[in-house]
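Derivation of every value follows stated rules applied to the coordinates shown; laboratory data play no part. Note that the structure is a prediction, hence the values are computed from the model and not measured. Glycine gets a Cβ as well: all are built from the backbone with ideal geometry, and neighbour counts include every protein chain shown.
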Amino acid sequence: MGELKKTDYAILAELTKDSRQSFRMLAKKIGTSVSTVIKRVHLLQQEGIIKDFTISVDHHKLGYEYHALVEIVSRQQEHRGVVDWLQNRKEVYAVYQVTGTKDVYTLIRTKDQAELRGFLDGMQRQEGVDRTETRIIFEAPYENSGFQSL
């Protein structure tokens, strides 16, 4: 595909706001033809730039009252096992391998304090986990899960 065009960035920005909108509406908003939008969206999908068309969920309204960021130090030889364990847990929404004094940050969401405690206890017993630090998230004044045009 090469370098992205200005149209591609406009398409990404609009689809991030509302991925349900029609190609016709998208074309009208960015000032191009429907055929151009269709072609560019398909190319963005083929290149893996657009991975999914998805929804944004209010986790609090679904009953997930506890959100936490867990910092993990793992043993190097067992690091992959720790990451695999995290990726298979329903409480885990993101796993980040990072530089610095920690190895992994993970974002978790649970419905109540007992579920949070159960997850953290299970993680502490997980083979390869040396240490953890948990940060409870009280509020997220800003979250952006989408693309921001340059």
Within region 52-78, residues charged (D, E, K, R) and either exposed (fewer than 10 other Cβ atoms within 10 Å of the Cβ) or touching a His at 6+ places or on another chain (Cβ under 6 Å) (or both) come out as Asp52, Asp58, Lys61
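Here is a list: Arg80, Arg24, Arg75, Arg40. Which entry is basic (Lys, Arg) and touching a strand residue (DSSP E or B) at 6+ places or on another chain (Cβ under 7 Å)?
Every option except Arg75 fails the conditions.
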Of Leu26, Leu15, the only residue that is assigned to a helix (DSSP H, G or I), more than 22 Å from the chain's Cα centre (by Cα) and under 26 Å from Glu143 (Cα atoms) is Leu26
Scan region 70-84 and report the pairs whose first residue is over 12 Å from Val129 (Cβ atoms) and whose second residue is part of a loop (DSSP other than H, G, I, E, B) and of a type in the set (Asp, Glu), with Cβ atoms within less than 9 Å and a gap of 6+ or a chain change.
-> Gln76/Asp103
Note: among Ile30, Ile49, just one is surrounded by 13 or more Cβ atoms within 10 Å (Cβ to Cβ) and touching a helix residue (DSSP H, G or I) at 6+ places or on another chain (Cβ under 7 Å), namely Ile30
